[in-house]
1. With springs only between Cα atoms under 10 Å apart, run a GNM on the chain and tell me which of Pro146, Pro54, Pro91 wobbles the most.
2. Would you mind checking the radius of gyration and Dmax of the range 42-196 based on alpha-carbon positions, in Å?
3. At q = 0.07 Å⁻¹, what log₁₀ I(q)/I(0) does the chain have when each alpha carbon counts as one equal point scatterer in the Debye sum?
4. Taking a cut-off of 23 Å between Cα atoms, list the lysines near Lys182, but don't count ones fewer than 8 places away on the same chain.
5. Under a 10 Å cutoff between Cα atoms, tell me which one of Lys199, Lys162, Lys92 has the largest fluctuation in the Gaussian network model of the chain.
6. Angle between the Cα long axis of helix 90-105 and the longest principal axis of the chain, 0 to 90 degrees, nearest 10?
7. Calculated FRET efficiency, Lys8 and Gln181, Cβ-Cβ r, R0 22 Å, to nearest 0.05?
8. When the chain is fully extended, how far beyond the present Cα-Cα distance does Asp257 get from Lys48, taking 0.36 nm per residue of separation?
Amino acid sequence: MEYNILMKNFEDLTIADDYMFCTVMQDEELCKTLLSMVLKDKIGKIKKINHQVPIDNQIGAKGIRLDIMIEDENGKFYDIEMQTTDQRNLPKRMRYYQCAIDSSVLNKGADYNDLPDTFIIFFCTFDYINKDLPIYTLKTTPAEVPSYTFNDGVNKIIVNSKAATKAEPELRAFLEYMNGQKASTNFTEAIENKVNSTKEDENRRREYMLITSFEMDARRTGIKENIIKTITNMRKKNCDNEFISEITGLSIQEIKDLEEKEN
């Protein structure tokens with residue numbers, strides 16, 4: 001049975017696609033320059049940069065995979081994410097990422113003051129807060145004393161490409177490039193060159209095909225499991241094949257085939 005899951009062709013990838021963003025941002029200078037645009041200050045020398053970093057928490061907890069994780073010479077950590085789909089869960093997602101990072105960097109028996117400053121930065125092609133600003137910086141402050149900063153070392157930032165025209169010139173050019181416009185600065189041209197060279201790299205192509213093949217298989221498995229669960233629940237309600245077919249979009253033969261394989 002065919003499940004309609006479409007993955008983007010390698011040749012069509014842009015900087016807004018997860019794989020391409022992670023690949024390009026492995027370039028230390030490009031990554032550091034982008035961070036400096038967003039944070040508006042000098043970033044320390046990058047000590048370590050990793051992409052697609054898996055973090056598994058305690059047994060039974062949901063694991064995560066960070067797009068780009070950076071550690072600078074001052075011990076600060078930066079998690080950079082590219083997000084093109086608004087799943088309406090960004091606040092809770094950022095909270096969970098923060099928790100996962102803290103748990104992974106604080107050694108057993110260490111003092112809480114040993115926790116490093118962290119920056120979780122989401123580049124989004126949608127305006128989650130809907131205030132038409134290019135950058136939203138989220139800080140912890142007491143509701144009763146808004147002028148006071150509760151210095152927990154946590155910095156959450158949402159970069160909104162929808163408001164590109166309101167950003168400072170260099171960042172604006174990058175956000176417009178994210179939105180599919182032409183490279184217009186030295187920085188975006190350097191990124192475009194990196195994108196093009198990645199597309200010419202056969203090893204990268206094979207890597208992408210392996211990753212997408214694995215993800216498609218995983219999604220197919222998940223879809224199939226959900227369909228089987230739906231059919232089982234509908235059977236309990238004494239639904240007939242015609243009604244199940246109408247709801248699931250499967251043919252009656254496909255429904256029978258699935259049930260036979262499960263029995």
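1. Pro146
2. 16.9, 51
3. -0.34
4. Filter leaves Lys8, Lys32, Lys162, Lys166, Lys194, Lys199.
5. Lys92
6. Taking the Cα atoms of the chain, the angle to 90-105 is about 70 degrees.
7. Details: r = 19 Å, r/R0 = 0.86.
So the FRET efficiency works out to roughly 0.70.
8. On the way: separation 209, 0.36 × 209 = 75.24 nm, distance 5.09 nm.
Length gained between Asp257 and Lys48: 70.2 nm.
Read-outs: derived from the displayed coordinates by stated rules, not from any lab. Every value quoted in this text rests on a predicted model; they were computed, and no experiment measured them. Cβ: placed from backbone, ideal geometry, glycine included. Neighbour counts: every protein chain shown.
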